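The values are calculated or read from the model by the stated rules, or taken from the named source; none is laboratory data. Quick caveat, the model's predicted, so the values are computed rather than measured. All Cβ positions, even for glycine, are placed from backbone atoms using ideal geometry, and neighbour counts span all protein chains on display. Ligands, DNA and RNA are stripped out before the accessible areas are found, and what is left, the full protein with its side chains, is counted by its heavy atoms. Shrake-Rupley method; radii C 1.70, N 1.55, O 1.52, S 1.80 Å.
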Amino acid sequence: MDTNTFQPRTDFTALQEGVEAVREEIGKVIVGQSEMVDLLITALLAQGHVLIEGVPGVAKTLTAKLLAQSIDADFSRIQFTPDLMPADVLGTSVFNPQTREFEYKKGPVFSNLVLIDEINRAPAKTQSALFEVMEERQITNDGHTYQLDRPFMVIATQNPIEQEGTYRLPEAQLDRFLFKVQVKYPELEEEIAILEAMNQLPSQESIVTVVNKVLSAAQLIQFQQLVKQVRMDEKLLHYIAAIVHATRQHSSLYLGASPRASIAVMNCAKAQAAMNNRDFVIPEDVVAMVTHVLRHRIILTPEREMEGITTDDVIAQIVKTIEVPR
């Protein structure tokens, strides 16, 4: 299919320019890691949350901060620790002696972009506090429901190496993350470029200040609505369903992906199409997104895990076996 000559019925030029502007601003500081940056922007357009996993020092937290800096919206950062309580995240009711009533003091999660550093360091009680806010964009406290402002996105980081003092994230919580992004070490040339860039900065504190705000919250919400207008052929819907369904029957998997995963792949593929100024999804959009959407939603059997097989390997096998629609 020749997509270059196709004139889209919905104009995504402004969205594409906005995405490129965000890329450029983050690129002022971050060298390489283009996949992580693109996946963060994709999740932002698809109204999803992202879990970033990587060893310390690969710019997980910095990239998230720079993304927030490039958007004119509220930003908050929460450092998860073993003694963190749900009220420290969501807020709590405080008695006001003047009115003689309890008033709800909102926690740091009431923001547009929320960065949760080392999410796996908080106990299950605090982890479960995020369930409602991540899925329904609301918080219930003392029988009252409080809606969060749009846009809303959680970016969480975790270290896969150091396990002392950490808690495994529940599968139900992992399922609420649109992506799990695995960040690798930079290539040698990229690391040299990082050193050159850092050598030219006057101070460490000036890193974030070089990034300008290029998108407003209102523009972002408009772009999110545009993504929903991207068309998807019924054959591609069947293709997504076939891939996800295959995870539930694969001999190497103990747990397959849920229908939430199918919806996530669809929404991400639409965002990818919009970012490329297309108002229709192509199979390549689906294939590009499926690994990042599924890798944290499926569980290997103990035998396959002992053999050193990864969830990415199994997803690649499944994609190869499903016929690509034409």
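Of all DSSP beta bridges in the range 94-201, what percent run antiparallel (nearest 5)?
DSSP beta bridges in the range 94-201 are roughly 65 percent antiparallel.
Once ligands and nucleic acids are excluded and a 1.4 Å probe is used, how much of THR209 is accessible, expressed in Å² to the nearest 10?
Using a 1.4 Å probe on the heavy atoms, I get roughly 100 Å².
Just flag the GluC sites (Glu not before Pro) in the range 269-325 sitting in loop per DSSP whose Cβ has no more than 13 other Cβ atoms within 10 Å.
Those satisfying the criteria are GLU307, GLU323.
How high is the relative contact order of the chain? Use alpha-carbon pairs under 8 Å, at least six apart in sequence, and give a whole percent.
23 percent
Under a crude label model (7 Å from the Cα following the beta-carbon direction), how far is LYS184 from THR209 in nanometres?
Here the modelled spin labels are 3.6 nm apart.
With every protein chain present, what is the per residue accessible area of the chain (1.4 Å probe, Å²)?
51 Å²
Place the peptides 45-52, 295-302 in order of packing, highest mean first, counting for every residue the other Cβ atoms within 10 Å and averaging per peptide.
45-52, 295-302
Sequence-distant or interchain residues sharing an amide H contact under 5 Å with ILE78, placed H: which?
So ILE78 has HN proximity to LEU115, ILE116, ASP117.
With the dipole of the chain worked out from charges on the C-beta (+1 for Lys and Arg, -1 for Asp and Glu) around the Cα centre, which of GLN173, TYR146, VAL37 lies farthest toward the positive end?
So the residue furthest toward the plus end is TYR146.
Please identify every one of the trypsin sites (Lys or Arg not before Pro) in the range 87-191 that sits in a loop by DSSP and has no more than 13 other beta carbons within 10 Å of its own beta carbon.
ARG100, ARG168, LYS184
What do you get for trypsin sites (Lys or Arg not before Pro) in the range 8-71 restricted to DSSP loop and a cutoff of at most 14 other Cβ within 10 Å of the site's Cβ?
Listed in order of number, the matching sites are ARG9, LYS28.
Using Cα centres only, tell me the gap between the range 228-272 and the range 78-97 in whole Å.
37 Å
Just one of [x] 20.6, 69; [y] 19.3, 59; [z] 20.9, 62 is Rg and Dmax of the Cα atoms in Å as worked out from the coordinates here. Which one is it?
Identified label for the calculated read-out: [x].
For GLU234 and THR10, what is the calculated FRET efficiency with R₀ set at 25 Å and r taken between the beta-carbons, to the nearest 0.05?
0.85
Looking at the chain, how many pairs of lysines come closer than 16 Å at the Cα, when each pair is eight or more places apart or spans two chains?
8
Give, rounded to the nearest 20 debye, the magnitude of the charge dipole that the chain has about its Cα centre when Lys and Arg contribute +1 at Cβ and Asp and Glu contribute -1 at Cβ.
840 debye
Once the piece of chain linking ALA242 and VAL55 is laid out straight, how much longer is it, given 0.36 nm per residue of separation minus the C-alpha distance between them?
63.9 nm
What value, in deg cm²/dmol to 500, does the helix sum -39500 (n - 2.57) over DSSP H runs of n ≥ 4 give at 222 nm once divided by the residues of the chain?
The helix-only estimate for the chain comes to -13000 deg cm²/dmol at 222 nm.
Which percent of the accessible heavy-atom area of the chain goes to carbon and sulfur, probe 1.4 angstrom?
The C+S portion of the solvent-accessible surface of the chain is 51 percent.
With a ≥ b ≥ c taken as the square roots of the eigenvalues of the C-alpha gyration tensor of the range 1-92, please select rounded if a/c is under 1.5 and otherwise prolate if a/b is larger than b/c or oblate if it is not?
prolate
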